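Heads up: the structure comes next, in structure tokens.
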């Protein structure tokens, strides 16, 4: 499998990330609060629980994957 195919598959996976989709729908104030929580190195589990209360439907493991593999990379 060539790099182009692998990258296309990664993009496809990325668009299916429930946390990415949910985050993009947040208002700017909530996005800033989410980002600040992570940049302050606060509890990811605590953030997950709060996000669930705000309508996030992702489960814990995909949420952690978003934080580790999508979110921080997007912000750098």
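The values are calculated or read from the model by the stated rules, or taken from the named source; none is laboratory data. Source: prediction; values computed, not measured. Note: ideal-geometry Cβ built from the backbone for every residue, glycine included; neighbour counts use all protein chains shown.
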* Consider residue 50 carefully, then state whether it is in contact with a helix residue (DSSP H, G or I) (Cβ under 7 Å, 6 or more places away or on another chain), surrounded by 10 or more Cβ atoms within 10 Å (Cβ to Cβ) and modelled with pLDDT of 95 or more. => no
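Considering 8, 4, 33, 58, which residue is outside any helix (DSSP H, G or I) and either surrounded by 12 or more Cβ atoms within 10 Å (Cβ to Cβ) or modelled with pLDDT under 95 (or both)? Please lay out each step first, then the result.
Details: 8 fails: outside any helix (DSSP H, G or I); 4 fails: outside any helix (DSSP H, G or I); 33 fails: outside any helix (DSSP H, G or I).
Being outside any helix (DSSP H, G or I) and either surrounded by 12 or more Cβ atoms within 10 Å (Cβ to Cβ) or modelled with pLDDT under 95 (or both) holds for just one of 8, 4, 33, 58, which is 58.
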* Filter segment 15-30 for residues that are within 11 Å of the chain's Cα centre (by Cα) and surrounded by 13 or more Cβ atoms within 10 Å (Cβ to Cβ); which is modelled with the lowest pLDDT? -> 17
